[in-house]
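Below is one structure, written out as structure tokens; comments come after it.
The values are calculated or read from the model by the stated rules, or taken from the named source; none is laboratory data. Owing to the predicted nature of the structure, the values given are computational and were not obtained by experimental measurement. Positions of Cβ are generated from backbone atoms using ideal geometry, with glycine treated the same way; all protein chains shown enter the neighbour counts.
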Amino acid sequence: MAPAAELVEATKRYGAVEALKGVSLRIELGEVVAMLGPNGAGKTTSISLLLGLRKPTSGKASLFGLDPNDLDARSRVGVMLQESGVPNMLKVREIVELFRGYYPSPMPRDRAIAMAGLEEKAGALVKDLSGGQRQRLYFALAVCGNPDVLFLDEPTVGMDVEGRRSFIDRIKEFAQLGRTVVLTTHYLEEADQLAKRVIVIDRGVVIADAPPAVIKSKVAGKRVRFVAPDLHEKNLDGLPVTAVTIKDGRVQLLTNEPESVLRDLFLRGVEISDLEVSGADLEDAFIALTSH
Amino acid sequence: MLLRQTWAEFVKLWRVPAFSATSLLLPIVFYAFIGIGQASQKLQGTNVTFGAYFLGSMAVYSVANVMVFSFGISVANERGMKTDLLMRATPLPPIVYLLAKCITAIAFAALTLVVLFPFAYIAGAVRLEADQWFTLAYRVLLGSIPFIGLGFAVGYLSGPNSAVAVINLIYLPMAFASGLFFPKQLLPEIVQQISPYLPLYRFGQLGWDAVGAPTSENVTTNWLYLVGYGVAFFAIAAWAYRREEGRKFS
């Protein structure tokens, strides 16, 4: 059977910028996949190619084995795009009803609204929604056609922690219907909570494609910084660190086990001052991933 | 699908008072200020009253106004909000989207006539034969189609914030220069030279002819001019649309 979505050796060039440098990926029906990467990595470009919103410079993009611009392919897909507005002067229930009408076998209107948690706002005009509610409306519009594949481009961007958590639950609820979900995100923990497969994209290439647990084990969870003028690289031999930078006696380590690293350093008699342990951000995670 | 889309487009426009109120009420306000005072005076050498003549002017003005504004502003806005991007990802055929906008604009234009005609009948004491009312209505609705092209072109060529200003700058001076507010004879000499080449002037002639007022050109010539403008406006609109497609979706 044809995969739900596929890129074959796809490249995309915007003027002088090469946003994708030969990406191949194949997403089967029923998979829940997260595309992870920093800003400008090529996540949105990949999704745009899969949806037919952009044409690949070379290579191929397909949906269900069809051209992504084929209306039959599109009628099986729901989409949530970054910053794409909807008419302000329609009510939530009106616009959901309108979008349902585009699809051959939509879900009931009120069910789509409930899936997005917008029951209380069903009679409100779009212009009166808050940012988070708007984001949920886009979700309702993406699922109302009862799609086989749901594409979500940074669905939780701009949400607070609580909003993000409840939103992830809604996406999970949809995925549990056995549908395919492809989402892009900045956050490893979001990918971890939702997806069974994480595709890491950086500077236009896929640098990892594995279950979240595997990605997590490769990516350092903590960043340890300290000053140790006498430290040599060989002092760190055998320690569970994923990346090291030493400059003018200032040391930065990426590790998943900061406690045991520090204990071993003390045991080895390394003098440490100005110790600082913090959570590694995505930038650090990429340093770790690309240095492997 | 088309019906539902048209309904949504209509509701969208209707709920913007800046559009719906001005396009329905402004023509009768103009009619009240300019038309009523001398409504019963006969045009020189004819039996046609100024009230009837000015009804022709305002029918043309209000219908073309709806076309240019509804299209210009909604297209520019949707581009600004990137709604077009989301619509591209849905299975809605673009032609349905476009047709829905056209039908909505024509329906709205018809609505302005529903307001304007009774107002002219009552306040301006305009009495026309049944077939004259009918001719005026169908001519202005049919003749408004080229202005859809104009609105579309402006919507694609200007930004969401500048669309209203651009349309006002084009439309209002053109309406004056075409003699829709004051007879052409009162305009400066240079403007009188230009006006026969303006689409609204040709459109206006069709309206004046429908109420029985004398016009300088015959009806067929005026229609041919409008067809020519229609082709030109739609060509510009199609070019602007393709240019945008090339930028956004390639």
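Every test in (1) buried (at least 22 other Cβ atoms within 10 Å of the Cβ); (2) not in a helix (DSSP H, G or I) is passed by B:I167 save one, and that test is (2).
Let's see how each residue does on (1) within 14 Å of chain A (Cβ to nearest Cβ); (2) closer than 26 Å to B:L141 by Cβ; (3) out of contact with any Pro (no Cβ under 9 Å at 6 or more places or on another chain); (4) among the hydroxyl-bearing types (S, T, Y):
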site	(1), (2), (3), (4)
B:L26	no, yes, yes, no
B:Y31	no, yes, yes, yes
B:Y53	no, yes, no, yes
B:M58	no, yes, no, no
B:G72	no, yes, yes, no
B:G80	yes, no, no, no
B:L85	yes, no, yes, no
B:L98	no, yes, yes, no
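Of all the residues in the stretch A:177-231, those that are more than 26 Å from A:P258 (Cα to Cα), β-branched (V, I, T) and either assigned to a helix (DSSP H, G or I) or without any contact (Cβ under 8 Å) to a residue 60 or more places away in the chain (or both) number 0.
Once the stretch A:132-149 is narrowed to residues that are within 12 Å of another protein chain (Cβ to nearest Cβ) and under 19 Å from the mean Cα position of the chain (by Cα), the residue that is nearest to A:G101 (Cα to Cα) is A:A142. Considering (1) closer than 30 Å to B:A89 by Cβ; (2) more than 14 Å from chain A (Cβ to nearest Cβ); (3) in contact (Cβ under 8 Å) with a residue 60 or more places away in the chain; (4) not aromatic (F, W, Y), the lone condition that B:E244 does not fulfil carries the number (2).
Of all residues in the stretch A:252-282, those satisfying the criterion of being closer than 30 Å to A:T184 by Cα and out of contact with any helix residue (DSSP H, G or I) (no Cβ under 8 Å at 6 or more places or on another chain) are A:Q252, A:E257, A:P258, A:S278, A:G279, A:D281. When residues of the stretch A:77-91 are filtered for being surrounded by 21 or more Cβ atoms within 10 Å (Cβ to Cβ) and in contact with a strand residue (DSSP E or B) (Cβ under 8 Å, 6 or more places away or on another chain), how many remain? Total satisfying the criteria: 5.
Which count do you get for residues in the stretch B:11-24 that are in contact with a helix residue (DSSP H, G or I) (Cβ under 6 Å, 6 or more places away or on another chain) and either within 11 Å of chain A (Cβ to nearest Cβ) or over 22 Å from B:N168 (Cα atoms) (or both)?
Narrowing the stretch B:11-24 to residues in contact with a helix residue (DSSP H, G or I) (Cβ under 6 Å, 6 or more places away or on another chain): B:13-14, B:19-20, B:23-24.
Now restrict to residues that are either within 11 Å of chain A (Cβ to nearest Cβ) or over 22 Å from B:N168 (Cα atoms) (or both): B:13-14, B:19-20.
Here the count works out to 4.
Inspect all residues belonging to the stretch B:90-97 and state whether any of them is farther than 30 Å from A:L49 by Cβ, at pLDDT below 95 and surrounded by fewer than 24 Cβ atoms within 10 Å (Cβ to Cβ). Give the steps one after another, and end with the answer.
Within the stretch B:90-97, the first condition is being farther than 30 Å from A:L49 by Cβ, and the residues that meet it are none.
Within the stretch B:90-97, none of the residues are farther than 30 Å from A:L49 by Cβ, at pLDDT below 95 and surrounded by fewer than 24 Cβ atoms within 10 Å (Cβ to Cβ).
Considering B:V140, B:V115, the condition of being crowded, with 21+ Cβ neighbours inside 10 Å, β-branched (V, I, T) and in a helix (DSSP H, G or I) is satisfied by B:V140 alone.
Pick from the stretch B:1-47 the residues that are among the β-branched types (V, I, T) and in a helix (DSSP H, G or I): which of them is surrounded by the fewest Cβ atoms within 10 Å (Cβ to Cβ)? Reasoning before the result, please.
First, the residues of the stretch B:1-47 that are among the β-branched types (V, I, T): B:6, B:11, B:16, B:22, B:28-29, B:34, B:36, B:46.
Subsequent filtering for residues that are in a helix (DSSP H, G or I) retains B:6, B:11, B:22, B:28-29, B:34.
Details: B:T6: 18, B:V11: 16, B:T22: 16, B:I28: 21, B:V29: 12, B:I34: 16.
Among those that are among the β-branched types (V, I, T) and in a helix (DSSP H, G or I), it is B:V29.
Among strands (runs of 3 or more DSSP E) entirely within the stretch A:1-120, having at least 2 residues that are within 11 Å of chain B (Cβ to nearest Cβ) and under 27 Å from B:V75 (Cα atoms) singles out A:77-80. B:I148 fulfils the conditions (1) surrounded by 19 or more Cβ atoms within 10 Å (Cβ to Cβ); (2) out of contact with any Cys (no Cβ under 9 Å at 6 or more places or on another chain); (3) part of a helix (DSSP H, G or I) except for a single criterion, (2). Candidates B:L180, B:L226: the one that is under 20 Å from the mean Cα position of the chain (by Cα) and assigned to a loop (DSSP other than H, G, I, E, B) is B:L180.
Evaluate the stretch B:49-67: report whether one residue or more is outside any helix (DSSP H, G or I), under 30 Å from A:F99 (Cβ atoms) and touching a strand residue (DSSP E or B) at 6+ places or on another chain (Cβ under 8 Å).
Within the stretch B:49-67, the subset outside any helix (DSSP H, G or I) is B:49.
Still in the list and also under 30 Å from A:F99 (Cβ atoms): none.
No, there is no match, as no residue in the stretch B:49-67 is outside any helix (DSSP H, G or I), under 30 Å from A:F99 (Cβ atoms) and touching a strand residue (DSSP E or B) at 6+ places or on another chain (Cβ under 8 Å).
Would you mention how many residues in the stretch B:28-55 are within 24 Å of B:P173 (Cβ to Cβ) and either aliphatic (A, V, I, L, M) or at pLDDT 95 or above (or both)? Number of matching residues: 5. Does B:L92 fit the bill of being within 14 Å of another protein chain (Cβ to nearest Cβ), farther than 23 Å from B:R139 by Cβ and touching a residue at least 24 places away in the same chain (Cβ under 8 Å)? Against the criterion (within 14 Å of another protein chain (Cβ to nearest Cβ), farther than 23 Å from B:R139 by Cβ and touching a residue at least 24 places away in the same chain (Cβ under 8 Å)), B:L92 qualifies. When A:A4, A:A61, A:A10, A:A41 are checked against the criterion of being buried (at least 20 other Cβ atoms within 10 Å of the Cβ) and within 17 Å of the chain's Cα centre (by Cα), A:A41 stands alone in meeting it. Once the stretch A:136-158 is narrowed to residues that are more than 23 Å from A:G30 (Cβ to Cβ) and out of contact with any Leu (no Cβ under 9 Å at 6 or more places or on another chain), the residue that is surrounded by the most Cβ atoms within 10 Å (Cβ to Cβ) is A:V157.
Could you tell me which of the residues A:A19, A:A34 is touching a Gly at 6+ places or on another chain (Cβ under 9 Å) and modelled with pLDDT under 95?
Values: A:A34 fails: touching a Gly at 6+ places or on another chain (Cβ under 9 Å).
Unique residue meeting the criteria: A:A19.
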